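No lab work stands behind these numbers, since they all come straight from the coordinates. Being a predicted model, the structure only gives us computed values, none of them experimental. Heads up, the Cβs are rebuilt from the backbone with ideal geometry, glycines too, and the neighbour counts pull from every protein chain shown.
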Amino acid sequence: MKGIIDLFYLSASILSADFANLADQIHKAEDAGVDWIHIDVMDGHFVPNITMGPFIVETCRRITSLPLDVHLMIEKPENHIQSFINAGANWVSIHIEGNSNVHRTLQVIQSLGAKAGIVLNPGTPAQAVEAILPFTDLVLVMTVNPGFSGQSFIPQMLGKISTIKNMIEKTNLRAILQVDGGINPQNISVVAQAGANCFVAATAIFKHPQGIAEGVISLRTELQKKMRLSPQIQENG
Ligand code: DX5
Ligand code: ZN
């Protein structure tokens, strides 16, 4: 049976995982109760780092049956959608910045059977997503500058999260509001309070000093406290 805590999704970003033991690390996160596996794809152009491609997505697909949440930080993502979905991506998110026809790319993702997300960098205003919102399955608000794990959460993004949450309530209730960057047990409640319901975390899970399970439990515990404080949820729960 689903509990109130299932209203939130935790997506574990393998960017901070130990790749020498990738299967073990993913299994530990899965056993501790993460909902999705987040895969950060970087090309050294859109962001200054180079990371993973479809080959790693296909590897993750063989390791876990959890949904694979692929975050494309690459130029011309439209050229690579088919490869990532063939490799096993369930969610594919593209940045709004520098992409000339995001509507078309979202349509292609959906037509190939995956869920489509749109991502906003910290410098991109909430209003930039308004026109595309009815066509997306997920909005990802970056709470750090994309490129690296281990950066600090930018608190000024909370207002943007609330603004987009209001837009979602008006135009597309099925869209998930995801946040990515610097999420930890100290800030996850306030981010949830602002309206996010899907939380990406790399460092807080894979670099937790007491291990991966403790990292997941710490985040879940803070979310649970937040839900217990919510009168609306108590009434319905
Ligand atoms: C940053 C990536 C994030 C990153 C998050 O460009 O999109 O997914 O892995 O790492 P933490 O949780 O350490 O900020
Ligand atoms: Zn990411």
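Observations
- Whole-number Å³ per residue for the convex hull built on Cα positions in the range 92-175: 94 Å³
- With semi-axes defined as the square roots of five times the eigenvalues of the C-alpha gyration tensor, the equivalent ellipsoid of the range 1-145 measures 24, 18, 15 Å, largest first.
- Theoretical FRET efficiency, 1/(1+(r/R0)^6), r = Cβ-Cβ of GLU169 and ALA20, R0 35 Å, to 0.05: 0.20
- Exceeding the 32 Å Cα-Cα cut-off - candidates LYS115/LYS160; LYS170/LYS225; LYS28/LYS76; LYS170/LYS207: LYS28/LYS76; LYS170/LYS207
- Extension gain for ILE132 to ARG104 (0.36 nm times residue separation, less C-alpha to C-alpha distance): 9.0 nm.
- Principal axis dimensions, largest first and in whole angstrom, of the range 78-237 by Cα: 40, 35, 30
- The alpha-carbon atoms of the range 67-134, seen along their principal axes, cover 32, 22, 22 angstrom, with the largest extent given first.
- Beta bridges from DSSP with both residues in the chain: antiparallel share about 5 percent, rounded to the nearest 5.
- A Gaussian network model of the chain, with springs between Cα atoms under 10 Å, assigns the largest mean-square fluctuation among ALA114, ALA23, ALA204 to ALA23.
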